[in-house]
Amino acid sequence: MTEKQLEPRRLSLLEISEGMVAVIDFCVSEDDMMSFAHLSGDHNPLHLSNNHARDAGFEGSVVYGALIIAQVSRLIGMELPGLHSIWNGVSLDFRAPLYVDQDARLTGTVIHTDRKS
């Protein structure tokens, strides 16, 4: 994935507040797709063949959902809250396909904080 290297943020729980936003712009390349296919063993032609994807009604090769989820990991681990953070769950709905070499933006917004735990 093409992006600039960012210095990770280091926010403590006390520094995080409702309404904080983090944004990551990214673009998944054909090389990214081939690397993921090799790593995962998922060689579904919807992801690797423009012709097959078009025959199935898409505009071109569809980015693997796992590569989009990887950007969620980047957002949490590098931006909000940043370094030393981990996530314990995710729920995503893919509303529209992302295509190879298409610019994308991922936005995360803090909607609730709980300082009791």
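The values are calculated or read from the model by the stated rules, or taken from the named source; none is laboratory data. What you see is a predicted model, and the numbers here were worked out from it, not measured in a lab. Cβ atoms come from the backbone with ideal geometry, glycine included; neighbour counts cover every protein chain shown.
Some points to look at:
- Residue pairs whose Cβ atoms lie under 7 Å apart, separated by 6 or more positions or on different chains, with the first residue in the stretch 99-117 and without any contact (Cβ under 8 Å) to a residue 60 or more places away in the chain and the second surrounded by 13 or more Cβ atoms within 10 Å (Cβ to Cβ) and not in a loop (DSSP other than H, G, I, E, B), are Y99/V62.
- Considering residues of the stretch 84-106 that are among the aliphatic types (A, V, I, L, M) and within 12 Å of the chain's Cα centre (by Cα) only, the residue farthest from S49 (Cα to Cα): V90
- For the stretch 1-33, filtered to residues that are touching a Gly at 6+ places or on another chain (Cβ under 7 Å) and surrounded by 15 or more Cβ atoms within 10 Å (Cβ to Cβ), the residue that is modelled with the lowest pLDDT is R9.
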